[in-house]
1. Does at least one position in the stretch 23-42 carry a residue that is surrounded by 11 or more Cβ atoms within 10 Å (Cβ to Cβ) and part of a helix (DSSP H, G or I)?
2. Just checking, which of 60, 122 is outside any helix (DSSP H, G or I) and either assigned by TED's automatic domain parsing to the domain that holds residue 205 or of a type outside the set (Lys, Arg) (or both)?
3. Could you pull out the residue among 219, 208 that is closer than 21 Å to residue 118 by Cα, at pLDDT 95 or above and not in a helix (DSSP H, G or I)?
4. Looking only at the stretch 11-22, count every residue that is assigned to a loop (DSSP other than H, G, I, E, B) and free of Cβ contacts under 8 Å to residues at least 40 places away in the same chain and tell me the total.
5. Within the bounds of the stretch 136-143, is there any residue that is of a type in the set (Lys, Arg), farther than 25 Å from residue 74 by Cα and in a loop (DSSP other than H, G, I, E, B)?
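The values are calculated or read from the model by the stated rules, or taken from the named source; none is laboratory data. These figures come from a predicted structure and were not determined experimentally. Neighbour counts are summed over all protein chains in view; Cβ atoms, including those assigned to glycine, are modelled from backbone coordinates with ideal geometry.
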Amino acid sequence: MTDEVDAGRTLELDRAVFHSWSAQGALAPLDVERAHGCEVVLGDGRTLLDFSSQLVNTNIGHTHPRVVEAIQRQAALLPTVNPAHANRARGEAAQRILRAAGEPFSKVFFTNGGADANENAIRMARLTTGRDKVLSTYRSYHGNTGAAVVATGDWRRVPNEYARGHVHFWGPFPYRSEFWSTSPEQEVERALHALRRIVEAEGPGSIAAILIETVPGTAGVIVPPPGWLAGVRAVCDE
């Protein structure tokens with residue numbers, strides 16, 4: 001635990017940080033000093049439960065001893081490596097991912113983060129298909145870089161719509177349905193019908209990819225009704 005002077009110093013230093021998706025003049029961030037398990041400790045000594053696992057990327061808990069040990073061990077050997085070189089740790093990580101993913105995957109492309117992954121996925125889809133359009137849902141978040149933020153379906157894309165070829169559609173959400181459904185089954189049926197009509201209207205020969213989150217998170221945690229993901233896969237196959 002730090003004293004209140006040190007806690008105040010942390011917030012003073014933080015004024016030099018530009019916080020994303022925030023009105024800079026209205027910032028009131030938590031001073032998170034350390035964390036363990038599912039708890040974070042603030043600079044003033046308060047302990048809070050971290051229900052969001054930060055950005056959902058520490059959902060096995062903070063400072064897990066096996067994770068800490070693995071990071072320390074690798075940092076002592078080689079903290080980073082040029083992408084052009086080979087490295088045993090990266091190769092082993094790729095092999096484990098491929099074993100989990102199964103066929104037909106045979107390569108893993110490591111990126112800097114989620115937005116970067118989506119940017120490259122869009123590029124690969126366009127290069128592979130020779131087509132341009134990317135379909136994605138409203139109530140979605142795909143990142144804050146050029147094409148990823150335009151693929152994003154919430155309001156944050158509006159001041160940043162500079163990338164080309166993006167089309168949005170409504171996915172299923174029985175709680176606030178855009179399709180006047182009375183059951184999850186009906187919601188999926190109507191959402192898939194709407195998606196198919198959009199594909200037909202845009203022209204299947206112009207669509208490079210349909211980009212969706214299995215469970216949207218940042219735009220609101222929305223668990224898709226049964227049959228939605230399989231139905232989208234069927235539309236893509238058609």
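1. no
2. Testing whether each residue is outside any helix (DSSP H, G or I) and either assigned by TED's automatic domain parsing to the domain that holds residue 205 or of a type outside the set (Lys, Arg) (or both) leaves just 60.
3. Among 219, 208, only 208 is closer than 21 Å to residue 118 by Cα, at pLDDT 95 or above and not in a helix (DSSP H, G or I).
4. 6
5. For the stretch 136-143, residues of a type in the set (Lys, Arg), farther than 25 Å from residue 74 by Cα and in a loop (DSSP other than H, G, I, E, B): present.
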